[in-house]
Amino acid sequence: MFVASRLALKQKEHIYDAHFKTGISAARKVFTLVGLASLPGSFIANAPFGRFAPRSKFLTVNGRLGWVLMELWSPLGFIYAIHHSPLSTNPSSLSVPQMILIGCFLVHYLNRGFISPARAPSRSRMHVFMPLTGLFLNTTNGGLLGSYISSPLAHQYLQPESTFASPQFYIGIFLWAVGFLGNFWADEILSDIRRKGILKGKEAGQTKILHDMEYYGIPNGFLYRWISFPNYLCEWVEMLGWALAGSPIPSISDLEWLLTPSGIYSMVLTTPLSKFAPTLTPPWIFLLVEVCLMLPRAYKGHQWYKKKFGDSFPKDRKAVIPYIF
């Protein structure tokens, strides 16, 4: 069973916001709303990188460099906030569960921001819009997560005696590990396709593929048997695990406002910062925003695969959730 007393204590204290400075509370609300607003917009506009990279080199950067510049800000903001956030406790007093979660987050971004682009055989050029957007979104996200995980609330919630007695923590770490390994495996399958494409390009004398574009084929094996974007699904599982291990589960009432126009109007325009979805902590906000950003991208990428490969593409394969979507 989950440790109910810990969850009740945190909800009673209005997790996170009741103890936050105004600037951090504002960043939390804005980041959440921007992420939610991106959901419908991302079904319309393509993110200008990867398979949707601009054909012109105007206002584009090298794909590897652009990816690193886009992802770098999250771990930097995370580390900075741990040491300098208005909520941060003395880093030397962080509990063992806090340190485990900090390590998991940094390992995730070490792979995502540095190892993954370094291992990729090729990457299409990227519009400068992407790293500039990453500067805002990822710095904000990393700062919020670092502020939360180093806060007195997280320190109290993640005391070893209660945390290591809670199945919620172990389930969360297990999901994080499964998602991380699955993400790595899915990326390796894509990289292998590109390695073979580069080899074919060399044999045909088409060296341009080594620098300016990615080679695409139909991925198979692993979760690609059922979906086109297991790397996205695995990242959601990874961040679900991180949130589950590090934070109380949000109250359903903190999401009900999304169901009605009046609820959205009230929460967006009239609700004080300290009352904005108070149990929706940054780890859960990160998961929510990731899904909002990546779900449309998976759908549009799946449609691109079907158009590009036609009858060769598996007809029963879904975009990102097996058998469902």
Exercise. Mind listing whichever residues of region 131-154 are farther than 21 Å from Leu287 by Cβ and buried (at least 19 other Cβ atoms within 10 Å of the Cβ)?
Key: Pro131
Quiz item: Which helices (runs of 4 or more DSSP H) does region 152-224 wholly contain that include 2 or more residues that are at pLDDT 90 or above and among the hydrophobic types (A, V, I, L, M, F, W, C)?
Solution: 167-203
Quiz item: Between residues in region 209-221 that are closer than 14 Å to Arg195 by Cα and residues that are at pLDDT below 60, which pairs lie under 8 Å by C-beta distance while being six or more apart or on different chains?
Solution: Tyr215/Ile209
Quiz prompt | Subset of region 86-97 (residues that are loosely packed, with under 13 Cβ neighbours inside 10 Å and hydroxyl-bearing (Ser, Thr, Tyr)) | solution = Ser92, Ser93
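Listed here are the residues, each with its yes/no results for (1) in contact (Cβ under 8 Å) with a residue 60 or more places away in the chain; (2) within 21 Å of Phe180 (Cβ to Cβ); (3) surrounded by fewer than 17 Cβ atoms within 10 Å (Cβ to Cβ).
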| position | (1), (2), (3) |
| --- | --- |
| His84 | no, no, yes |
| Cys104 | yes, yes, no |
| Phe114 | no, yes, yes |
| Met126 | yes, no, no |
Self-check item: In region 42-93, the residues that are of a type in the set (Val, Ile, Thr) and under 30 Å from Gln156 (Cα atoms)
Solution: Ile79, Ile82, Thr89
Quiz item: Mind checking which residues of region 270-307 are closer than 23 Å to Tyr232 by Cβ and of a type in the set (Lys, Arg)?
Solution: Arg297, Lys300, Lys306, Lys307
Self-check item: Candidate set: region 57-79, residues that are surrounded by 17 or more Cβ atoms within 10 Å (Cβ to Cβ) and among the aromatic types (Phe, Trp, Tyr); chosen: the one farthest from Asn141 (Cα to Cα)
Solution: Trp67
Quiz prompt | Yes/no for Met130 being part of a helix (DSSP H, G or I), over 23 Å from Phe169 (Cβ atoms), of a type outside the set (S, T, N, Q) and modelled with pLDDT under 90 | solution = yes
Quiz item: (1) surrounded by 14 or more Cβ atoms within 10 Å (Cβ to Cβ); (2) out of contact with any Leu (no Cβ under 8 Å at 6 or more places or on another chain); (3) closer than 27 Å to Ala245 by Cβ: which one isn't true of Arg51, the others all being true?
Solution: (3)
Quiz item: What pairs come up if the first residue lies in region 249-271 and is modelled with pLDDT under 85, the second is not small (Gly, Ala, Ser), and their beta carbons are under 6 Å apart, counting only those six or more places apart or on different chains?
Solution: Asp254/Thr279; Asp254/Leu280
Practice problem: Confirm whether Pro75 is under 26 Å from Ile100 (Cα atoms) and in a helix (DSSP H, G or I). | Solution: yes
Self-check item: Tally of residues being surrounded by fewer than 21 Cβ atoms within 10 Å (Cβ to Cβ) and not in a loop (DSSP other than H, G, I, E, B) across region 268-286
Solution: 6
Self-check item: Unique residue being of a type in the set (Phe, Trp, Tyr), touching a helix residue (DSSP H, G or I) at 6+ places or on another chain (Cβ under 7 Å) and over 17 Å from Ile249 (Cα atoms) when the list is Tyr109, Tyr148, Tyr157
Solution: Tyr109
Quiz item: Among Ala245, Ala277, which is closer than 29 Å to Gly142 by Cβ, at pLDDT 95 or above and among the hydrophobic types (A, V, I, L, M, F, W, C)?
Solution: Ala245
Quiz item: In region 156-176, what count of residues is obtained for those that are among the aromatic types (Phe, Trp, Tyr), buried (at least 20 other Cβ atoms within 10 Å of the Cβ) and under 21 Å from the mean Cα position of the chain (by Cα)?
Solution: 2
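The values are calculated or read from the model by the stated rules, or taken from the named source; none is laboratory data. All values derive from a computational prediction rather than experimental measurement. Positions of Cβ are backbone-derived with ideal geometry, glycine not excepted, and every protein chain shown enters the neighbour counts.
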